[in-house]
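Please read the structure below before turning to the comments.
The values are calculated or read from the model by the stated rules, or taken from the named source; none is laboratory data. These figures come from a predicted structure and were not determined experimentally. Neighbour counts are summed over all protein chains in view; Cβ atoms, including those assigned to glycine, are modelled from backbone coordinates with ideal geometry. For accessibility, only protein heavy atoms count, side chains too; no ligands or nucleic acids. Shrake-Rupley method; radii C 1.70, N 1.55, O 1.52, S 1.80 Å.
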Amino acid sequence: MKTSIGRFALASALALSLSLTAVNAQTSPAPKPLLATVEQKLAEGPTGSRFGLLVTTLDGEILVSIAPDQRFIPASNTKMFTTAIAYAELPLLQRNAKGTGVRLETGADGVVNVVLHGRGDALLSSADDCKTDCLQTLADAVAAKTRQVRNISGDDSWFPDERWSPGMSWNNISSRYGTGVSALTLDDNELVVKLAPGAVGAAPSVQASGYYIIENRVTTVAGKEDAIEADRMPNSRILRLTGTVGAEAPPMTLRYGIDDPAHYAAWRLGELLRARGVRVDGKIEARHRPLTPADDPENRKGAPATLPAEPAMLAELTAPSLAENMVRINKESQNLHTELMLRRVSRQAGSGSIADGQAVMHSVMTEAGLPATGYFFADGSGMSSYNRITPRAAVGLLSWIARQPWGMAWRGTLPIAGHDGTLQNRFKGTILEGKLFAKTGSLNASRAVSGYLTTRSGKTLIFSALANDMPDGTDAQATAAVDRALVAIAEAL
């Protein structure tokens, strides 16, 4: 249940929630003037907002503690946990792992079918300028072997079919942020639409791949502003665009989610084969592995997961190192790639299911010393509204990461305040510009930022600041209040 308190009462509530009890550490409370300043900065946030903040030294001394054990929706702070277990569990982050493959099936009548097999590669591309990890390479292999095929199938059974996690908001499914998760991923599982304004009163021009039917109901109006809305029902390939675009607005690129990525990849392979002169007579299909009770490790009761056999391939790609993908995941907060990372970890331990990923998460977090009450994740990216963490759990994770042999490599994937990623436009001109390295999070009425910062005196601190329950339209105010509080801490210590 969400808690709401007024602005005037917020400072009192924050003061009453101050915790001076450390776990496995000697507590040293913040100086009273600093504590009062931090509380005041947070109290300047939107009325009704709920804040949690914990700041410690690298050796665990607690400096500032406000509601450290309250549970918050973490949004993309979830990605810290997912990428940490990937570093901990995947040997060398799976360099030179097998990537996407293609094979031919020849029926009794001699007809050839093409099957495209996904193995969880997040970076497979069919872009015209693709240079590595390209679907075109597999199309070339097929075209060199046969000049006529019937059906083309996209097979994503390397993972069970869980395209969306529990707690994903249905209205996010049609967006690029909620695109389907699949072992056969192509072009980030996004449909690209290029739109350019027309004459006033006319529809703008729209260019897309042809995979979706686009109903263009947008009208060009005077000016430079645009107000375009997209609507698509789940599992539909009809995308309706409505609203207006200014005649003086520059051409824009819009991106939308794809619900069945395996089918899309097979469709795109068909387009590439036709471009190479291969005749395609049949259907475009997808092959999925349905989720079953056996995909939950609790139901297997210690038995290993049963995985589908992998037939020999006509040609296959080498998947790029997962380590290279970590930077994009954490700096850009890329949802799809994080979900694929969770399923990679899960498949090494089990079947590739979310449940197997949750079991790995629990095991690693127990090793890190985090109590099970401090976190819960229904997905790997933070799009689920079911997820919860406490500031203490986030700081505990960050402290554990700092002690790992891969800790500095992981820290290098974080956005840098005022410089890049999701922190590029935050903390500019403050003492923390270039000196705060943190994962952000943003979801409806939820904002989070957790990581490491360097103070005026040169100390490195670990922190987690979480905000929930902001009134509609006030998220930016809550973010600003948290940023001011962190700057105050850095200036004082």
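Below are the figures for this structure:
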quantity	calculated
Counted charge near Phe427, where neighbours are those whose Cβ lies closer than 11 Å (Asp, Glu -1; Lys, Arg +1)	+2
Helix axis angle, 135-145 relative to the chain longest principal axis, alpha carbon, degrees	20
Positive-end residue, the chain charge dipole about Cα centroid, Cβ charges, pick of Ala183, Leu370, Val200	Leu370
Rounded tilt (10° steps) of 78-89 against the dominant C-alpha axis of the chain	70
Distance between the range 110-164 and the range 281-317 - C-alpha centres, whole angstrom	16
Share of carbon and sulfur in the accessible heavy-atom surface of the range 56-122 [1.4 Å probe, %]	48
Overall form of the range 93-182 per C-alpha gyration tensor (a/c, 1.5; a/b vs b/c)	prolate
Cα-Cα over 31 Å, subset of Lys131/Lys435; Lys41/Lys439; Lys194/Lys428; Lys98/Lys428; Lys79/Lys224; Lys301/Lys331	Lys131/Lys435; Lys194/Lys428; Lys98/Lys428; Lys79/Lys224; Lys301/Lys331
The range 345-470 - percent of accessible surface contributed by carbon and sulfur, probe 1.4 Å	51
Cα long-axis angle, helix 322-332 against the chain (0 to 90 degrees, to the nearest 10)	60
Relative contact order for the chain, counting Cα pairs under 8 Å that sit 6 or more residues apart, in percent	23
Probe 1.4 Å, accessible area per residue of the range 452-493, Å²	35
Test item: Cα-centred dipole of the range 157-275, Lys/Arg +1 and Asp/Glu -1 on Cβ, debye	220
Share of carbon and sulfur in the accessible heavy-atom surface of the range 291-342 [1.4 Å probe, %]	55
Compactness of the chain as Cα Rg over 2.2 N^0.38 Å, two decimals	1.06
Heavy-atom surface of the range 113-181, accessible at 1.4 Å and reported per residue (Å²)	40
Heavy-atom accessible area per residue - the range 363-426, 1.4 Å, Å²	38
Spatial separation of Cα centroids for the range 406-454 and the range 240-279, in angstrom	33
Per-residue [θ]222 nm for the chain (sum of -39500 (n - 2.57) over DSSP H runs n ≥ 4, rounded to 500)	-8500 deg cm²/dmol
Semi-axis lengths (Å, descending) of the ellipsoid that matches the C-alpha gyration tensor of the range 255-345	29, 22, 15
